[in-house]
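Just below is one structure, and these are the notes that go with it.
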Amino acid sequence: MQKGENAISVAMAAVLVLLFIAAQQRWELSGLEKMAASAEEYILSTTGLRGATPDLTGYEKLSTFPLGTYQASLYRQTPAPLTFAPGRFVIYDRSNNPVFKVSTLEGSREPWTAVYDFAGRNGRSIPGKRNKPRFASDLTGNGTMDAIVGFYSGGDHCCTVATILELGKDSVRELGRVRGLDGLPFEGLEVRKIDEDPAWEILAHARYRTVCGGHEDSADVISVYDFAAGEWTNQTARHTDFLRSILQQNIETWGRSKDRSIQTLQTIAAEYAILGQREQGQRFFAMNLPAVIPQLRKIGVDPDGCLEDNASLLARLPSVVP
């Protein structure tokens, strides 16, 4: 709290200076009060009582994020082990009281927890970019700021949980979670407007791997999270027109021979299945498989095994269309 105490001292000194000047110049008290209030407000907004969040014993502070009227800090246990270490993510109000906190898992070199930067690229801040990071935005259209925090659990291409928080006037509350995202935050997450509703949509990309290839060859299946009944939940079934448009875009991509890949072929087949057209997805995959056989052979994959395993995947995928 040393910085906060210093800010108060500076503000008090400024007020005393104004009193002295007023006595010398015989200013009216009403004008003096206005100037004193303005001076104090300026000092506290620029140096800030909330400029420094508290330290936690046994932890190092990795970063601090401005969240509207709140501030969040990310901490990591110190000394950190070689691979990963326990962490803490805490949101504080203006008086540095914790209003939201969660235990995290952090890399020993780079932090894994992140706050979505709406002014960045794919949710991550761009080093050297002139625009200041923007970690809060009105996602629901109700005039209240929100934030998205990505927490990583470790593992190979797994798993990130995105938590949507409402930054209310007097409290912070969780509005929903998007689980099973691919890779570190915010890989596999998009914030987009795809319809006329006031709320934005959160698109979650999930990878479904088969014997047809590695992680980069996996089918990319989109789920749509929307704000409904006061929380963010999977509302993919309400956005079938959007899914059909994505399917059409991928079919057009496949139509360009130079852009044909195992990943695109598996994604198209999966998108058919999600839209309730499993047989059409299997047929499209089987008919177009010869185009990627050279790629399969290059990575040592049997085309027949690929065909069989992809059919098994399509049978397991949940359909959003009855």
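Answer yes or no: is there a residue in segment 280-301 that is closer than 30 Å to Arg177 by Cβ and either assigned by TED's automatic domain parsing to the domain that holds Asp220 or in contact with a helix residue (DSSP H, G or I) (Cβ under 6 Å, 6 or more places away or on another chain) (or both). Looking for residues that are closer than 30 Å to Arg177 by Cβ and either assigned by TED's automatic domain parsing to the domain that holds Asp220 or in contact with a helix residue (DSSP H, G or I) (Cβ under 6 Å, 6 or more places away or on another chain) (or both), one finds at least one in segment 280-301, hence yes. When Cys212 is tested against the conditions (1) at pLDDT below 95; (2) assigned by TED's automatic domain parsing to the domain that holds Leu289, the lone failure is (1). Considering Thr240, Thr253, the condition of being within 24 Å of Val191 (Cα to Cα), of a type in the set (S, T, N, Q), in contact (Cβ under 8 Å) with a residue 24 or more places away in the chain and in a helix (DSSP H, G or I) is satisfied by Thr240 alone. For segment 178-210, a residue qualifies if it is surrounded by 15 or more Cβ atoms within 10 Å (Cβ to Cβ), without any contact (Cβ under 8 Å) to a residue 24 or more places away in the chain and assigned to a strand (DSSP E or B), and exactly one does: Leu203.
Output the residue which, of all residues in segment 35-61 that are over 20 Å from Val172 (Cβ atoms) and modelled with pLDDT of 50 or more, is surrounded by the most Cβ atoms within 10 Å (Cβ to Cβ). Steps first, answer last, please.
As a first pass, look at segment 35-61 and keep what is over 20 Å from Val172 (Cβ atoms): 35-47, 55, 57-60.
Filter again for modelled with pLDDT of 50 or more, leaving 55, 57-60.
Working: Asp55: 11, Thr57: 5, Gly58: 11, Tyr59: 19, Glu60: 15.
Step by step, filter segment 35-61, then rank; the result is Tyr59.
Of everything listed in (1) more than 16 Å from Glu308 (Cα to Cα); (2) surrounded by fewer than 20 Cβ atoms within 10 Å (Cβ to Cβ), the single unmet condition for Tyr272 is (2). For segment 265-276, the criterion of a residue being outside any helix (DSSP H, G or I), touching a helix residue (DSSP H, G or I) at 6+ places or on another chain (Cβ under 7 Å) and either closer than 27 Å to Phe151 by Cα or modelled with pLDDT of 95 or more (or both) is satisfied by at least one position. In segment 89-138, of all residues being aromatic (Phe, Trp, Tyr) and assigned to a strand (DSSP E or B), the one that is farthest from Glu190 (Cα to Cα) corresponds to Tyr92.
Does segment 92-110 contain at least one residue that is over 17 Å from Leu175 (Cβ atoms) and in contact with a helix residue (DSSP H, G or I) (Cβ under 8 Å, 6 or more places away or on another chain)? Yes, some residue in segment 92-110 is over 17 Å from Leu175 (Cβ atoms) and in contact with a helix residue (DSSP H, G or I) (Cβ under 8 Å, 6 or more places away or on another chain).
The values are calculated or read from the model by the stated rules, or taken from the named source; none is laboratory data. Everything numeric in this text was worked out from a predicted model, so none of it was measured. Glycine also receives a Cβ, built like all others from the backbone with ideal geometry; neighbour counts cover every protein chain displayed.
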